[in-house]
Amino acid sequence: MGQMIISEQDIVNAICIDQARKKYAQPEDVEVELMYDEDSGFSAEAYINGLRQGLQEMDIIGALRLWLGEFLNEDPYAGIQLVLDDTEGITAVINGS
């Protein structure tokens, strides 16, 4: 696979699918806000039917593993690193074999 960059929108999509499955909802019922803080790192908030779910970096990476395996047919255990980019926002760098 080499190196792949996952866009901010695809990270949001991955979280929507992951959270919808966990909460027995539809992905379109999930709203996601990605965040970065210098002290605490990457996080997200997911809103499902008005309920807030706080997500840490490991939760985001877990959602990306689901996305990689099921939707991109790539190794879900590839190295994943979240990156804050000035122009692209929050992206994920995937380092595969």
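Quick note: the coordinates plus some simple rules give every number you see, no bench work behind them. Owing to the predicted nature of the structure, the values given are computational and were not obtained by experimental measurement. Every residue, glycine as well, gets a Cβ built from its backbone with ideal geometry; the counts of neighbours run over all protein chains shown.
What to note about this one:
- In sequence order, segment 60-72 has phi-based couplings of 5, 5, x, 5, 5, 5, 4, 4, 4, x, 8, 9, 10 Hz under the Karplus curve 6.51 cos²θ - 1.76 cosθ + 1.60, θ = phi - 60°, and Gly or Pro positions carry x.
- Charge tally around residue 17: other residues with Cβ under 14 Å, Lys/Arg +1 each, Asp/Glu -1 each, net -3.
- Electrostatic bookkeeping for residue 30 treats Lys and Arg as +1 and Asp and Glu as -1; over the other residues with beta carbon under 14 Å from its beta carbon, the sum is -3.
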